[in-house]
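Working notes, structure below.
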Amino acid sequence: MLAMISSIALQGLEGVIVKVEIDVSTGLPGFDLVGLPDAAVRESKERVRAAIKNSGFEFPVKRITVNLAPADIRKEGPMYDLPIAIGILAAGGQIDITSCSEYIFIGELSLDGTIREVSGSLPAALAARDKGYQKMVVPAANAGEAALVQGIDIYPAGSLNKLVAALKGEEELTVHRVEAQKLLAGSSRPLPDFADVKGQMAVKRALEVSAAGGHNILMVGSPGSGKTMLARRLPGILPGLTFEEAVEVTKIHSLAGRLKPHQALVTERPFRAPHHSASAASLIGGGRIPRPGEVSLAHHGILFLDEILEFRKDVLESLRQPLEDGIVSITRVQSSLTYPAQIMLVASANPCPCGFYGDSTRECTCTPHQIRRYLRRLSGPLLDRIDIHIEVSRVEYSDLENAPPGEPSAVIKARVEQARNIQRQRFSKNKAVSCNAQMPGPLVRKHCITSPRARELLKSAFTQLQLSARSYDKILKIARTIADLAGRETIAAEHMAEALQYRRLEANLF
């Protein structure tokens, strides 16, 4: 007897409907699985056999052929265990095949018949809805994230025998519902606060500008000056995720298997801090079937590269496309995938190999040649893509001992959110742009209106600092953000002067 069960295959964040065709026929007992399965799918034969028997059902002692169609798309992961098991039971006459025809099934089976969670249930549910399906059975642990998708009913399943009983009509399948806005609203947790930072007023201002406009930032300073501490406080002043942004982030984390058990939604902006020994594939994404890397996992959040000059040069150069386009394109012989990567790059660096070039208390032991060679690890084109460059000086004893508490993150965040609201209104007709840092050239010319004095200042600096056309646009975007923080429509000379000082380090040091 032949049974056909619907499942889904994920190619990046996109889904393709997979028809799991099961034929149970007379002949020598056997279990053949075809349709370009990977090792995890091929191993499902033993998991399915044990799960069916241990759930109290009869496993057919016949010739079983399972075809995963279309056969030219590689199937990976254990999510096909459940549809294969349901198909075998339907082909063996233990379930009415018509009761399964309107569902999409995904899930991994344990040997006792428990249905385990799988990666990628949210993008799978989105793809199933877009393909016209209205019902989907997922593992109970994945029901929260899958139920975020509107327009498709999600049915959680905890075990094979209970699911079969429901398909027979002996029990009721219950639709799982989530209140996404409540999940988003009740998600706040304590974050490191800028009130703990002593001194460093200029750096805190630069980080505020960076957060207000979504600008990339590079902090350069000697060891112990507080670069990492400041970077880890930046998430506390960023505006919260919108529901649409949270779903985008959750899709990526779901596909990568990074969601916690029963976690329905990623409710905080990601903060990813890979070690400097990371490879290009781990940072950008890769593998035989490419998976999201750290850049995509930081989508709508922060990618923090501590000691950026210690990363391999090829790894750093791989950041050019995501910083410029906001996406990562990964091409392999078998597939070509695109992942989103709208990130804020936050980087820190020492000014020389020993770390004390320009330090007021320690003498640098590096030669000029060593310093130049060290700084050249950050290429000109990549440095050009980092909007703000700021020097982080060593904190003086008087600041540590006598300085009053710093401004709390909540106060800074209020100003950042006010500036972001201005930008949302400005770009309300352009859904591809949400903050000043993402403005393309035509929008820069349209919205970065400068006063005559500000234009003269920029013209003078363009020649003296030998700026590129990209740097010219970056300065205008930063000045636009500073004017937004001040609540001004026109970029004034003081806004332009502050924006220009954030590019001075490039000329002086690099």
In segment 461-500, residue least open to solvent (accessible area, probe 1.4 Å) [restricted to those that are at pLDDT below 95 and among the polar types (S, T, N, Q)]: S471
Check on V328, touching a Pro at 6+ places or on another chain (Cβ under 6 Å), at pLDDT 90 or above and β-branched (V, I, T): yes
Residue within segment 110-130 that is among the hydroxyl-bearing types (S, T, Y), open to solvent by 50 Å² or more (accessible area, probe 1.4 Å) and either closer than 17 Å to I8 by Cα or more than 22 Å from the chain's Cα centre (by Cα) (or both) present: yes
Residue count for segment 419-429, restricted to those that are in a helix (DSSP H, G or I) and either touching a Phe, Trp or Tyr at 6+ places or on another chain (Cβ under 7 Å) or open to solvent by 30 Å² or more (accessible area, probe 1.4 Å) (or both): 5
Test for A432: is it in contact with a Pro (Cβ under 9 Å, 6 or more places away or on another chain), of a type in the set (A, V, I, L, M, F, W, C) and either open to solvent by less than 60 Å² (accessible area, probe 1.4 Å) or free of Cβ contacts under 8 Å to residues at least 12 places away in the same chain (or both): yes
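Where in segment 335-413 are there helices (runs of 4 or more DSSP H), lying wholly inside it, with at least 2 residues that are modelled with pLDDT under 90, within 30 Å of R189 (Cβ to Cβ) and hydrophobic (A, V, I, L, M, F, W, C)?
No helices (runs of 4 or more DSSP H) qualify here.
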All positions within segment 188-223 that are open to solvent by less than 10 Å² (accessible area, probe 1.4 Å), in a helix (DSSP H, G or I) and of a type in the set (G, A, S): A206, S210, A211, A212, G213
Number of the exception - Q263 against (1) farther than 14 Å from A146 by Cβ; (2) touching a residue at least 40 places away in the same chain (Cβ under 8 Å); (3) surrounded by fewer than 23 Cβ atoms within 10 Å (Cβ to Cβ); (4) not β-branched (V, I, T): (1)
Some residue of segment 437-444 being farther than 22 Å from L382 by Cβ, open to solvent by less than 80 Å² (accessible area, probe 1.4 Å) and at pLDDT below 90: no
Candidate set: segment 138-164, residues that are part of a strand (DSSP E or B) and aliphatic (A, V, I, L, M); chosen: the one farthest from the chain's Cα centre (by Cα): A157
Matching option when the condition is open to solvent by less than 30 Å² (accessible area, probe 1.4 Å), closer than 30 Å to A71 by Cβ and touching a strand residue (DSSP E or B) at 6+ places or on another chain (Cβ under 6 Å), among I390, I386, I330, I343: I330
Set Y397, Y374: member being surrounded by fewer than 14 Cβ atoms within 10 Å (Cβ to Cβ), more than 18 Å from I478 (Cβ to Cβ) and of a type in the set (F, W, Y): Y397
Of all residues making up segment 448-460, the number that are surrounded by fewer than 18 Cβ atoms within 10 Å (Cβ to Cβ) and part of a helix (DSSP H, G or I): 6
Residue in segment 267-283 that is under 23 Å from T331 (Cα atoms), open to solvent by 20 Å² or more (accessible area, probe 1.4 Å), in contact with a helix residue (DSSP H, G or I) (Cβ under 7 Å, 6 or more places away or on another chain) and in a helix (DSSP H, G or I) present: yes
Failed criterion for P351 (all others in (1) closer than 19 Å to Q438 by Cα; (2) open to solvent by less than 50 Å² (accessible area, probe 1.4 Å) hold): (1)
Among residues of segment 358-370, those that are touching a residue at least 24 places away in the same chain (Cβ under 8 Å) and in contact with a Phe, Trp or Tyr (Cβ under 9 Å, 6 or more places away or on another chain), counted: 1
Residue under evaluation K75, criteria (1) open to solvent by 10 Å² or more (accessible area, probe 1.4 Å); (2) over 22 Å from G158 (Cα atoms); (3) among the charged types (D, E, K, R); (4) touching a Gly at 6+ places or on another chain (Cβ under 8 Å), criterion not met: (1)
H275 vs. criteria on the phi > 0 side of the Ramachandran plot, under 21 Å from the mean Cα position of the chain (by Cα) and not aliphatic (A, V, I, L, M): no
Candidates V247, V295 - the one that is open to solvent by less than 50 Å² (accessible area, probe 1.4 Å), within 27 Å of I8 (Cα to Cα), at pLDDT 95 or above and assigned to a helix (DSSP H, G or I): V295
Residues of segment 23-55 classified as open to solvent by less than 70 Å² (accessible area, probe 1.4 Å) and closer than 16 Å to L109 by Cβ, total: 13
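The values are calculated or read from the model by the stated rules, or taken from the named source; none is laboratory data. Since the model is a prediction, treat every value here as computed from it, not as a measurement. When we count neighbours, we look across all protein chains shown, and the Cβ atoms used for this are built from the backbone with ideal geometry, even at glycine. Accessible surface is based on the protein model in full, side chains and every heavy atom, while ligands, DNA and RNA are left aside. Shrake-Rupley method; radii C 1.70, N 1.55, O 1.52, S 1.80 Å.
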